[in-house]
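Here is the structure we will look at, set down as structure tokens.
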Amino acid sequence: MEKEDKIFKLLEMCYYGHIDQVKQLLEEGVDINGIGNNGMSPLDAAKNGENDDIVEYLLNMGAKENLNLNDKL
């Protein structure tokens, strides 16, 4: 799977509240602060999906707040 595909998958799992898949993707090395084509980070996706357990998990794992696409350029 391409890097961008893995980040998209992580964003999707964060948004829909699938914490086990989030943990698995992070264990596989997907960037916790990766930015998708939509300009969102995994933390943004979890917040937008109202998944507080994933938000807390990501923050505990070192996710940075207030990232955007310009931070990755």
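Quick notes
- Taking only the alpha carbons of the chain, we obtain Rg and Dmax values of 10.7, 30 Å in that order.
- Dipole magnitude of the chain, debye to nearest 20 (Cβ charges: Lys/Arg +1, Asp/Glu -1, about Cα centre): 180 debye
- All aspartates and glutamates inside 18 Å of Lys6 as judged from Cα atoms, apart from same-chain residues fewer than 8 positions distant: Asp20, Glu27, Glu28, Asp31, Asp44
- Rel. contact order, % - alpha carbon contacts under 8 angstrom, at least six apart, the range 3-65: 37 percent
- Shown for Ile54, Ile19: other C-beta atoms within 10 Å of each C-beta, ranked fewest to most, produce the order Ile19, Ile54.
- For Lys64, the lysines whose Cα falls under 17 Å of its own Cα, not counting residues fewer than eight places away in the same chain, are Lys23, Lys47, Lys72.
A short reminder: the numbers here are calculations on the coordinates, not readings from a lab. Just so we're clear, the structure is a prediction, and the values are computed from it rather than from any experiment. Don't worry about glycine lacking a Cβ; one is built from the backbone with ideal geometry, like all the others, and counts go over all protein chains shown.
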